[in-house]
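The values are calculated or read from the model by the stated rules, or taken from the named source; none is laboratory data. What you are looking at is a predicted structure, and each value in this text was computed from that prediction instead of being measured. Here the Cβ positions follow ideal geometry from the backbone for every residue, glycine too, while neighbour counts run over all protein chains shown. These accessible areas exclude ligands, DNA and RNA; they are computed on the full protein's heavy atoms, side chains included. Shrake-Rupley method; radii C 1.70, N 1.55, O 1.52, S 1.80 Å.
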Amino acid sequence: MVNLITVLAVIVGFWGILYLIGGAYREEKEEGLQIDFFVALWRTKRFVDFIDRVGTRFRNFWKGYSTLAIGLGFVGMAYVFYTLFTLALQNLRTKVVTPGVQLVIPGVTIPLWYGLIGLIVVVFVHELSHGFVARAENLPLKSVGLVLFFVIPGAFVEPDEEALNKAPLLSRLRVYAAGSMGNIVTAIVTLLLLSFVLTPIIQPAGVEVSNLAENGPARDYLQKGDIIIGINGHEIKAVEEFFDIMNKTSAGEIIEVELLRNGNRLKFSIPLGSHPDNPEKGYLGVYPAQHIISKVGFDNIVLPVSFSLYWIYILNLGIGLMNLFPIVPLDGGKILDESLKAFLPSKVAKSITYLFIGIGIFLLAVNLFPALKGLLG
């Protein structure tokens, strides 16, 4: 909780300074810097020509790619809606709640640098996909640029809204669906790289203590960053082995934990507490994470690349799918809204769109509440 307050104070201070020195940049411009409430935009036309060349030169590819994206968009829309609906019902019916939507805050809920790398890839892939398809459909672009939203950096491609609104339905759907398609394709490619290139050259090498429970017995013995390599004489390499052993322990039992701390091998005899969910079960009070090493050496290269690709995969898949949630202004909502307006009377289409927005906001609130509660303690 203290760390979160410190982080928020630093962020608010940064934006306060930015507002003080950026008073001249509050008005919207076609090019240049614009500062708004926790949003900073920088627009330029410099890269529009690049997007134009790629989009128009490979027009047939982008049209086929984005047509496939429309089908994927409807499937993803249904999948995300069903998943959040199911999790919301589960959370409302039981006392044990499961976050259906996770907050993405670098340095707080995800690793700072790996998270930032992943988010940068997400937004660049997403926006470039929109831009390439827009130009393949002969839709003009006003500008491209960079954005900082609170603490999350990003990029954007800004199409001519008037031209987009007047374009045929298929063209509009292609543009809207292209962004998530880019993210999902990136996630698949990254997963293949992880599975067939990096996974064969890394191996589990213990369980890292990522955090300690406030009232857990481990707090008096262990530290964040410790690598647990053995319990009661049994070697621990994988997180699953750690859980297998801990699930067989009893409250009050004394276990011998062997670990690595700053390269030194240490042993502690730790009396277990009572597990919050089962008083008879042993409780150590650690949040375990898998520790890995490279089989071929060069850990300072192999491991950062692996972690970066992992977060690129996770964030592209999660955010790409979440963007298909059928509420406006998400791309999924735009796809649904445009499709309804094309085949139903205007009032009926608008009513269904608003219905989805209302249900969607409720589902997001129910699924987001556990994550917020955990973050705020």
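Using r as the Cβ-Cβ distance of N138 and K350, and R0 as 30 Å, what FRET efficiency do you calculate, to the nearest 0.05?
0.55
May I ask you to list the chymotrypsin sites (Phe, Trp or Tyr not before Pro) in segment 102-196 that are in a DSSP loop and have at most 15 other Cβ atoms within 10 Å of their Cβ?
Details: sites: W113, Y114, F124, F132, F149, F150, F156, Y176, F196; in loops: F150.
Those that pass, being in a loop and sparsely packed, are F150.
How much area per residue is accessible in the chain when the probe is 1.4 Å and only protein heavy atoms are counted (Å²)? Mind showing how you got there, number by number?
On the way: 20930 Å² over 377 residues.
Result: 56 Å² of accessible area for each residue.
What does the extension gain come out to for R53 and N278, with contour length at 0.36 nm per residue minus their alpha carbon separation?
Here the answer is 74.8 nm.
Restricting to DSSP loop positions (anything but H, G, I, E, B) with no more than 10 other Cβ atoms inside 10 Å of their own Cβ, which chymotrypsin sites (Phe, Trp or Tyr not before Pro) remain in segment 277-346?
Filter output for segment 277-346: F298.
Please compute the length gained on full extension between T83 and T44, using 0.36 nm multiplied by the number of residues separating them and subtracting their Cα-Cα distance.
10.1 nm
Rank these by accessible area, largest first, 1.4 Å probe: H126, H234, H291.
Largest accessible area first, the list is H234, H291, H126.
Rounded to whole Å and sorted largest first, list the principal axis extents of the Cα atoms in segment 252-377.
72, 44, 21
Which shape class, rounded, prolate or oblate, goes with segment 31-136 when its Cα gyration tensor gives a ≥ b ≥ c as root eigenvalues, a/c under 1.5 marks rounded, and past that a/b bigger than b/c marks prolate?
Because a/c hits 1.5 or more and a/b fails to exceed b/c, segment 31-136 counts as oblate.
Provide I202, I254 ordered by accessible surface of protein heavy atoms (probe 1.4 Å), highest first.
I254, I202
Given the -39500 (n - 2.57) contribution per DSSP H run of 4+ residues, what per-residue ellipticity at 222 nm results for the chain, rounded to the nearest 500 deg cm²/dmol?
Rounded to the nearest 500, it is -18000 deg cm²/dmol.
For the residue pair N300 and E161, what label-to-label distance in nm results when each label sits 7 Å from Cα along the Cα-to-beta-carbon direction?
Those two pseudo-labels are separated by 5.0 nm.
Compute the distance in nm between two label points, each set 7 Å from the Cα along the Cα-to-Cβ direction, one at Q90 and one at F61.
Taking the two extended label points, one gets 4.0 nm.
Using only the alpha carbons of segment 236-320, determine the length spanned along each of the three principal axes and report them from longest to shortest in whole angstroms.
42, 37, 17
With N set to the number of residues, divide the alpha-carbon radius of gyration of the chain by 2.2 N^0.38 Å and report two decimals.
1.17
Calculate the FRET efficiency for R261 and L8 from the Cβ-Cβ distance with a Förster distance of 30 Å, rounded to the nearest 0.05.
My answer for the efficiency is 0.45.
Taking the Cα atoms of segment 79-182 alone, what are Rg (to one decimal) and Dmax (as a whole number) in Å?
Considering segment 79-182 through its Cα atoms, Rg and Dmax are 17.7, 53 Å.
Could you give each residue of segment 10-21 its phi-based ³J(HN,Hα) in whole Hz, using Karplus coefficients 6.51, -1.76, 1.60 with θ = phi - 60°, and x for Gly or Pro?
5, 5, 4, x, 4, 5, x, 5, 4, 5, 5, 8
For the chain, give the magnitude of the charge dipole about the Cα centre (Cβ charges: +1 Lys/Arg, -1 Asp/Glu; no others), in debye to the nearest 20. Intermediate values should be presented prior to the final figure.
Details: 30 positive and 30 negative charges, 180 e Å.
Dipole magnitude for the chain comes out near 860 debye.
In segment 128-258, carbon and sulfur make up what percent of the accessible area (probe 1.4 Å)?
Here carbon and sulfur together make up 56 percent of the probe-accessible area.
Between Q290 and D36, what length comes free when the chain is fully extended (0.36 nm per residue of separation minus the Cα-Cα distance, one decimal in nm)?
Values: separation 254, 0.36 × 254 = 91.44 nm, distance 4.09 nm.
Full extension of this stretch gives 87.4 nm more.
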